[in-house]
Amino acid sequence: MSASTAGPLPACLRHSPVEVLFGPGTVAQLTPQTARFGQRVLLVTDGGLVGCGHAERAVASLRAAKLDVAVFDGSDENPTTEHVDRGLKIARAHRPEVIIGFGGGSPMDCAKGINILLTHEGTIRDYWGVNKTSHPLLPMIAVPTTSGTGSEAQSFALISDSETHAKMACGDRRLPAEGGLRPHVAILDPDLTATVPAGVRAATAVDALTHAIETAGTRVRNEISAALSREAWDLLSQLLPASLEGDAEARAGMQLGAHLAGAAIEQSMLGAAHAMANPLTARYGMTHGHAVGLMLPPVMQFNTEGGKHPYEALGLTADELIERFIELRALAGLPEILRDTDIPEADLPELAELASQQWTAQFNPRPVQAADLLRLYRAVW
């Protein structure tokens, strides 16, 4: 864990094996950090980051240091097997020694998917699940440019099957030094979030909030995850309003909060709200923050029925927590009912069945079956 130009990092991050550089201007460390791992580099990003100049400046810095860089800028929101396959062609031709995921969760997940297939045979479908990889993966550096997914702290890639629309979680829980999927280094530079469009900023902020809440309540939660979840919630819930206005200090805090929530996922996983959101994003292309923001309130109400409170680590009563989340979601301007997203009511039973098959459903603090999930979808219809 590295010292931060924005102040000391929270003590709970000492449990993460990802080396974190945090603070304004830390993207300048990308080149020396990359050179630690090799000379041949694949940078995975998207067209938006190229358009605003962030990716081009990063590439120019790497090349000025005589690093041999290939760029795949074809990642897109909710990356699919097609995106991974297109990036894999560039990777195989370039033969990188290190991979950089530069952007939001989508480029980082796409970079992880490329990494798996560059070092293994088969298709990404073969690695759906946990620890199905057998060889060491290439070192990765993650540079998040949004404050949402926390993918830079995680050992999973979320890739949608372009044929079946299933959202596949492909995980390798080995430590970075052992060749696992978690990045060796995460560079959290809040300056990179200054150009994020308002709608993206709002959706990613709500996504990060849902991570802080769900990780606090899963059935496998522990003391470490509770500390990470609480620290993330405190930052995100307090700073979200100012961050939506573009306040620089608030944006920095949101980026750190999203990373803390991502680290909490590594310890505690997620629950039914994410299980229900994944079919909405994979099948209908709904923005992930919108989907999980819609589904979390009914899931929290379900999990706290009968006076239970799995989220007590966050320091609020169950009713207070639900009310506060709904208030912040409204402030962000995200959808509040499912019918406003043009998803047919007739599709709800199929969505419930798909959600019941999602890996995160098993970590929900209260057991859920397809019938329960259908009731929850209808609660926000």
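The values are calculated or read from the model by the stated rules, or taken from the named source; none is laboratory data. Remember, it's a predicted structure, so these values are computed and weren't measured experimentally. Every residue, glycine among them, receives a Cβ derived from its backbone with ideal geometry; neighbour counts consider all protein chains shown.
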Quiz item: Looking at this structure, is P349 without any contact (Cβ under 8 Å) to a residue 40 or more places away in the chain and either part of a loop (DSSP other than H, G, I, E, B) or among the hydroxyl-bearing types (S, T, Y) (or both)?
Solution: no
Practice problem: Could you look through segment 46-72, keep only residues that are touching a Gly at 6+ places or on another chain (Cβ under 9 Å) and farther than 19 Å from L138 by Cα, and pick out the one that is surrounded by the fewest Cβ atoms within 10 Å (Cβ to Cβ)? | Solution: G47
Quiz item: Within segment 157-195, can you find the residues that are β-branched (V, I, T), part of a loop (DSSP other than H, G, I, E, B) and either buried (at least 17 other Cβ atoms within 10 Å of the Cβ) or in contact (Cβ under 8 Å) with a residue 60 or more places away in the chain (or both)?
Solution: T195
Exercise. May I ask you to list the residues in segment 313-343 that are without any contact (Cβ under 8 Å) to a residue 24 or more places away in the chain and not hydroxyl-bearing (S, T, Y)?
Key: L316, A318, D319, E320, E323, E327, A330, D340, D342
Quiz prompt | Condition broken by E336, with the remaining ones in (1) within 26 Å of E245 (Cβ to Cβ); (2) modelled with pLDDT of 95 or more; (3) not β-branched (V, I, T) satisfied | solution = (2)
Quiz prompt | Residue in segment 107-121 that is part of a strand (DSSP E or B), touching a Lys or Arg at 6+ places or on another chain (Cβ under 9 Å) and either touching a residue at least 60 places away in the same chain (Cβ under 8 Å) or of a type outside the set (D, E) (or both) present | solution = no
Self-check item: Search result, residues across segment 300-356 that are out of contact with any helix residue (DSSP H, G or I) (no Cβ under 8 Å at 6 or more places or on another chain), more than 22 Å from T281 (Cβ to Cβ) and of a type in the set (G, A, S)
Solution: G306, G307
Exercise. From the list A212, A227, pick out the single residue that is in contact with a Cys (Cβ under 7 Å, 6 or more places away or on another chain), among the small types (G, A, S), farther than 24 Å from L30 by Cα and in the same structural domain as W359 (by TED's automatic domain parsing).
Key: A227
Quiz item: Quick check: is even one residue across segment 60-68 in contact with a helix residue (DSSP H, G or I) (Cβ under 8 Å, 6 or more places away or on another chain), part of a loop (DSSP other than H, G, I, E, B) and modelled with pLDDT of 95 or more?
Solution: yes
Practice problem: Hey, could you check segment 215-226 for residues that are surrounded by 20 or more Cβ atoms within 10 Å (Cβ to Cβ) and in a helix (DSSP H, G or I) and say which is nearest to the chain's Cα centre (by Cα)? | Solution: T215
Quiz prompt | Of all residues making up segment 60-103, the number that are within 20 Å of the chain's Cα centre (by Cα) and not hydrophobic (A, V, I, L, M, F, W, C) | solution = 14
Quiz prompt | Residue count for segment 237-246, restricted to those that are without any contact (Cβ under 8 Å) to a residue 40 or more places away in the chain and either farther than 19 Å from V196 by Cα or not in a helix (DSSP H, G or I) (or both) | solution = 2
Quiz item: What residue, of D234, D207, is assigned to a helix (DSSP H, G or I), in the same structural domain as A318 (by TED's automatic domain parsing) and closer than 30 Å to T123 by Cβ?
Solution: D207
Exercise. Please tell me if T149 is at negative phi, in contact (Cβ under 8 Å) with a residue 40 or more places away in the chain, outside any strand (DSSP E or B) and surrounded by fewer than 23 Cβ atoms within 10 Å (Cβ to Cβ).
Key: no
Self-check item: Residues that are at pLDDT 95 or above, surrounded by fewer than 23 Cβ atoms within 10 Å (Cβ to Cβ) and not in a helix (DSSP H, G or I), drawn from segment 77-97
Solution: R95, E97
Quiz item: Within segment 304-328, can you find the residues that are over 17 Å from G271 (Cβ atoms) and among the basic types (K, R)?
Solution: R324
Exercise. Working carefully through the options L239, L270, L244, L321, find the one that is buried (at least 24 other Cβ atoms within 10 Å of the Cβ) and assigned by TED's automatic domain parsing to the domain that holds A352.
Key: L270
